[in-house]
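Report on the structure given below.
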Amino acid sequence: MKFINYLETITGISIFPFLSLMIFFLFFTGVLIFAFSMRKEAIEELKNIPLQNDREDGESKVI
């Protein structure tokens, strides 16, 4: 028996593809709602994080 046939013989497995699609769709929709509802100030602050220096003297430490 091939591997693909094992999944066909399991009873009650037909709901799992639908559940995984619903979980993905709900998560993706939630992320979109979160991203589009953010304030512009928060987006600007997050956008500039990689450019900020960690040290107060303005010198960045390179390892």
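The values are calculated or read from the model by the stated rules, or taken from the named source; none is laboratory data. Not measured: the values here are computed from a predicted model. In this analysis, Cβ positions are derived from the backbone assuming ideal geometry, glycine residues included, and neighbour counts consider all displayed protein chains.
When you scan region 25-50, how many residues do you find that are aliphatic (A, V, I, L, M), modelled with pLDDT under 95 and assigned to a helix (DSSP H, G or I)?
Within region 25-50, residues that are aliphatic (A, V, I, L, M), modelled with pLDDT under 95 and assigned to a helix (DSSP H, G or I) number 5.
Determine if region 51-62 includes at least one residue that is loosely packed, with under 10 Cβ neighbours inside 10 Å and either in contact with a Cys (Cβ under 6 Å, 6 or more places away or on another chain) or modelled with pLDDT of 70 or more (or both).
yes
Does region 25-45 hold any residues that are loosely packed, with under 10 Cβ neighbours inside 10 Å and of a type in the set (S, T, N, Q), and which are they?
Answer for region 25-45, where residues must be loosely packed, with under 10 Cβ neighbours inside 10 Å and of a type in the set (S, T, N, Q): just S37.
Restricting attention to region 9-24, which residues are in a loop (DSSP other than H, G, I, E, B), at negative phi and surrounded by fewer than 10 Cβ atoms within 10 Å (Cβ to Cβ)?
Matches in region 9-24: I10, T11, S14.
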